[in-house]
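See below for the structure under consideration.
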Amino acid sequence: MNNKGCFGIGTIGLVLIGIVIVLFFWGKGVYNTLVTKDQEVQSKWSNIETVYQKRANLIPNLERTVKSYAKFEQETLTKVIEARSKATSVNIDPSNITEADLAKFQAAQGELSGALSRLMAVVESYPNLKADQQFIDFQREYTAIENSIRTETVYYNDSAKDFNTYRKSFPNNIFANFFGDFKDKPYFKAEAGAQKAPEVFKEE
């Protein structure tokens with residue numbers, strides 16, 4: 001084989017090696033970015049779980065306060081307690097959040113929100129309970145937590161959108177599909193009246 005042929009083969013080999021190196025570093029960059037964005041989504045989900053758990057933790061104090069008023073409608077309080085139990089029993093794997101899982105989680109939390117809203121409406125008919133300092137403290141904490149839930153939900157949706165946009169972009173989508181570990185992240189869907197904070201604290 002003449003020198004010209006050897007040179008041609010050597011050049012092709014160097015080009016192929018160069019392509020492999022470029023693909024390696026590109027793949028490494030895409031993979032690491034996917035991991036970083038995935039971890040960000042999981043972090044935001046952790047914040048959501050924290051604020052929802054804080055809300056659930058308020059219920060025992062609410063129960064003790066309301067039960068001290070013997071004439072209060074027990075059925076309304078019971079529904080809140082049952083909804084809390086259901087909401088806290090729904091567990092989500094943050095590394096593999098599916099749309100179905102998130103829908104189930106949101107439905108359970110929405111049921112608790114509805115039960116609490118109905119209880120607040122009933123309390124309006126009990127001026128002594130409404131003026132109870134423990135109940136007033138609960139209202140303040142509850143309002144703050146509901147606002148935090150809305151804020152953290154927005155943050156989660158933003159991070160999920162950022163991940164999904166990067167994942168679906170070409171050619172990142174080919175790489176993500178090849179590994180199969182990076183699936184689209186589901187979004188929280190807005191509920192009716194979700195844009196407005198609950199008006200549960202009213203000073204006379």
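Between segment 26-80 and segment 87-134, what is the separation of their alpha carbon centroids in Å?
What the calculation gives is 9 Å, centre to centre.
Evaluate the relative contact order of the chain (contact order divided by residue number), counting alpha-carbon pairs under 8 angstrom at least 6 apart; express in whole percent.
Across the chain, relative contact order equals 30 percent.
Which listed residue (V15, T151, S113) has the Cα farthest towards the positive end of the charge dipole for the chain, taking +1 on Lys and Arg C-beta and -1 on Asp and Glu C-beta about the Cα centre?
V15
Quick one: D132, D38, fewest Cβ neighbours within 10 Å first, how do they rank?
Ascending number of Cβ neighbours within 10 Å: D132, D38.
Using a Gaussian network model of the chain whose springs link C-alpha atoms within less than 10 Å, name the residue from G13, G114, G180 with the highest mean-square fluctuation.
G13
Could you please rank F25, F72, placing first whichever residue has the fewest other Cβ atoms within 10 Å of its Cβ?
Sorted ascending by nearby Cβ count, the order is F25, F72.
Comparing T11, T98, T165, which has the greatest mean-square fluctuation in the GNM of the chain with Cα pairs linked when under 10 Å apart?
Between T11, T98, T165, it is T11 that shows the largest mean-square fluctuation.
Of [x] 1.09; [y] 0.99; [z] 1.60, which is the value of Cα Rg over 2.2 N^0.38 Å derived from the coordinates here?
Matching entry in [x] 1.09; [y] 0.99; [z] 1.60: [z].
Per DSSP H run of at least 4 residues, take -39500 (n - 2.57); add these up for the chain, divide by its residues and hand me the 222 nm value, nearest 500 deg cm²/dmol.
-26500 deg cm²/dmol
What does the extension gain come out to for S89 and N128, with contour length at 0.36 nm per residue minus their alpha carbon separation?
Length gained between S89 and N128: 10.7 nm.
Hey, which of these cross-link pairs are over 25 Å Cα-Cα: K54/K189; K130/K189; K104/K161; K28/K161; K67/K104?
K130/K189; K67/K104
Each value in this text was obtained by applying a stated rule to the coordinates, not by laboratory testing. On a predicted model such as this, the values are computed, not experimentally measured, just so you know. Glycine also receives a Cβ, built like all others from the backbone with ideal geometry; neighbour counts cover every protein chain displayed.
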